[in-house]
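Here's the structure we're looking at; comments come further down.
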Amino acid sequence: MGDPRGFLNIKRKESGYRPVEERVGDYSEVEVTLPDNERMEQAARCMDCGVPFCHWGCPVSNVMPEWQDNIFRGDWQAAYDILNETNNFPEFTGRVCPAPCEASCVLAITNEPVTIRQNERSVAEKAFETGYVKPRIPAGRTGKKVAVIGSGPAGLACADMLNQYGHSVTVFEATDKVGGYLRYGIPDFKLEKKVIDRRVNILKEEGIEFRTSVNVGVDVKGSEILKEYDSVMLAIGARKPRDLSIEGRDLKGVYFAMEYLEQKNRIVSGQSFTEDELIATLNKKVVVIGGGDTGSDCVGNANRQGASCISQIEIMPEAPSHRNDDEPWPLWPRLSKKSSSHEEGCERHFQIMTKKFIGDNGVLKKILACKVEWVKDEKGSMSMKEIPGSDFEIEADVALLAMGFVHPVHEGLVKELGLGLDSRGNITVDEKFMTSVKGVFSGGDASRGASLVVWAIREGREAARGINEYLS
Ligand SMILES: Cc1cc2nc3c(=O)[nH]c(=O)nc-3n(C[C@H](O)[C@H](O)[C@H](O)COP(=O)(O)OP(=O)(O)OC[C@H]3O[C@@H](n4cnc5c(N)ncnc54)[C@H](O)[C@@H]3O)c2cc1C
Ligand code: SF4
């Protein structure tokens with residue numbers, strides 16, 4: 001530990017965001033970084049606790065005290081080496097991770113955890129800026145071939161590990177570009193796509209082959225892949241969106257959030273769409289249904305596209321602003337969160353249920369909604385009750401359904417291979433991440449259910465270990 005009194009003398013300082021009026025005019029990342037001297041001071045706040053709960057809180061078990069100490073000492077390369085041992089892509093998590101590590105930092109007891117995520121981003125960026133991140137070509141090859149299907153963070157982490165073990169890895173990706181939801185989900189204002197390209201170029205130089213625009217199960221049979229490769233990793237994500245089957249769902253103007261978000265990311269990357277295809281929100285009244293992060297990303301895009309007003313409605317009550325007694329430290333608390341996109345302009349409403357989409361000539365005009373209350377039953381589980389007489393209408397030109405994802409898409413590959421599924425429809429895996437089909441592994445959202453980038457990286461790593469063991 002560099003400074004034993006750092007946590008007493010230095011206050012937590014957030015990097016912060018660019019000013020709202022500036023950032024809504026572009027799609028560049030909104031978060032800024034602190035100068036090196038301040039970043040080193042922030043790292044000095046780490047107490048190197050006897051029991052570092054942050055390791056436990058971090059899904060990839062990053063070892064914070066060690067790399068915080070190296071930041072404090074200005075040895076950014078040593079910090080990167082330690083970080084990279086547990087996290088293949090700290091430049092992704094350093095930008096988008098909700099940082100469960102910070103919730104379990106001992107300093108979170110007094111609400112001022114170490115700025116672990118932002119420190120992580122700085123370490124990663126420094127390593128790239130100084131040319132320290134170089135391709136690590138494996139010394140030899142095992143002669144074993146592995147197909148990784150899906151190029152989101154789970155597929156990429158798995159491919160990276162397998163390649164370093166010396167196996168020959170081919171990544172198949174259904175869309176035209178690598179990255180999964182990093183590419184065509186998370187907006188550029190949270191994660192610029194050059195950050196993905198930079199990493200993918202290194203993975204390519206290290207010997208990983210990428211085949212894009214190949215939907216396995218449709219363009220090529222899963223059984224053919226099984227014949228050609230010694231093992232297969234399914235990192236296909238949980239891409240079936242939760243729908244809202246109510247009257248008016250088929251009106252023009254009602255879309256899944258992902259239709260909107262994917263299109264916006266493609267536009268930012270230079271692709272164009274016809275007027276018919278375009279989900280335009282300029283001067284439109286936009287209602288986002290679903291109060292989570294995907295919904296918040298819709299808000300950010302709609303603000304950048306000049307929507308005349310944006311509301312985000314959520315059926316659940318607003319989370320508390322402070323930890324509840326039933327979520328004590330070091331657990332991850334469910335807290336009310338105002339994202340950078342919310343700051344840019346949005347009305348948020350909780351305990352609202354959508355009942356009907358109302359249109360005119362097939363085009364959305366209004367949403368009929370009502371207020372609900374949540375009551376605990378005698379078993380302690382919450383149940384929802386509509387408040388009688390609370391119906392109201394919201395004017396809407398565009399409604400975006402951001403209510404989460406149910407499970408991986410079953411049509412195609414999952415059905416063809418006859419994979420075992422759990423009660424929620426996710427792919428079942430054993431403790432080594434092998435599915436019900438021998439030699440076929442899975443991880444990330446596909447088996448875990450929709451989750452986080454950091455969990456996808458963790459499970460991609462674990463599955464790679466399972467595959468390596470299987471092949472050895
Ligand atoms: C809008 C949005 C915002 C998010 N924001 C955050 C955030 O801020 N922080 C965070 O931690 N998490 C966030 N998440 C969640 C995070 O992106 C996911 O948990 C993570 O990407 C899951 O990784 P994955 O590799 O399992 O799957 P995915 O990223 O979904 O990747 C799966 C890939 O498999 C491909 N594929 C599927 N089937 C086939 C097939 N048959 N053949 C070939 N390829 C196939 C898909 O095209 C896709 O590229 C967000 C998610 C969304 C949708
Ligand atoms: S990956 Fe996420 S949880 Fe782990 S140290 Fe980084 S910010 Fe924290």
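The values are calculated or read from the model by the stated rules, or taken from the named source; none is laboratory data. Treat the numbers as computed from the prediction; the structure is a model and nothing was measured. FYI the Cβ positions are ideal-geometry reconstructions off the backbone, even for glycines, and counts take in every protein chain you see. Surface areas here come from the heavy atoms of the whole protein model, side chains and all, with no ligands, DNA or RNA. Shrake-Rupley method; radii C 1.70, N 1.55, O 1.52, S 1.80 Å.
Here are the numbers for the structure shown:
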item	result
Of all accessible heavy-atom area on the chain, the percent that carbon and sulfur account for (1.4 Å)	50 percent
Under the Karplus curve 6.51 cos²θ - 1.76 cosθ + 1.60, θ = phi - 60°, whole-Hz ³J(HN,Hα) for segment 367-382, x wherever Gly or Pro sits	10, 8, 9, 8, 8, 10, 10, 10, 10, 7, 8, 5, 8, x, 8, 7
Relative packing of peptides 116-122, 180-186, 389-395, 254-260 - highest average C-beta neighbours within 10 Å first	116-122, 180-186, 254-260, 389-395
For segment 1-73, alpha-carbon Rg over 2.2 N^0.38 Å	1.35
Unit charges on C-beta of K, R, D, E only; dipole of segment 123-227, Debye	240 debye
For Cys105, solvent-accessible area (1.4 Å; no DNA, RNA or ligand), Å²	10 Å²
Lys/Arg +1, Asp/Glu -1 at C-beta; the chain dipole; positive extreme among Val220, Phe350, Gly237	Val220
Cross-link partners of Lys194 among lysines (Cα-Cα below 25 Å; sequence separation of 8 or more within a chain)	Lys126, Lys134, Lys177, Lys204, Lys264
Å² of accessible area per residue within the chain, as computed with a 1.4 Å probe and no ligands counted	45 Å²
Cysteines not pairable in the chain (beta carbon separation under 4.7 Å absent)	Cys46, Cys49, Cys97, Cys105, Cys158, Cys298, Cys309, Cys346, Cys370
Alpha-carbon Debye profile of segment 243-403, log10 I(q)/I(0) at 0.09, 0.10, 0.20 Å⁻¹	-0.34, -0.41, -1.31
Qualifying lysines (Cα of each under 16 Å from Cα of Lys376; at least 8 residues distant if same chain)	Lys385
Subset of Lys190/Lys366; Lys337/Lys415; Lys284/Lys337; Lys227/Lys415 violating a 28 Å alpha-carbon distance limit	Lys190/Lys366; Lys337/Lys415
Sequence-distant residues sharing a close amide H with Phe405 (under 5 Å, placed H)	Arg242
Given charges at beta-carbon only (K, R positive; D, E negative), |dipole| of segment 243-403 in Debye	180 debye
Note, ³J(HN,Hα) from phi for segment 264-274, Karplus 6.51, -1.76, 1.60, rounded to Hz, x at Gly and Pro	5, 5, 5, 4, 4, 7, x, 7, 10, 10, 6
Selected from Ser15, Ala108, Thr86, residue furthest toward positive end of dipole (segment 6-129; charges at beta carbon)	Ala108
Options Gly155, Pro187, Thr130, ranked by Cα towards positive dipole end of segment 126-203, top entry (Cβ charges)	Thr130
Relative contact order for the chain, counting Cα pairs under 8 Å that sit 6 or more residues apart, in percent	17 percent
Additional length obtainable on full extension of the chain from Val51 to Glu259, 0.36 nm per residue less Cα span	70.4 nm
The chain: C-alpha pair distances exceeding 28 Å, %	56 percent
Size of charge dipole - the chain - debye, nearest 20, with Cβ of Lys, Arg +1 and Asp, Glu -1, no other charges	440 debye
Efficiency of FRET between Ser272 and Asp197 - r from beta-carbon atoms, R0 25 angstrom, step 0.05	0.80
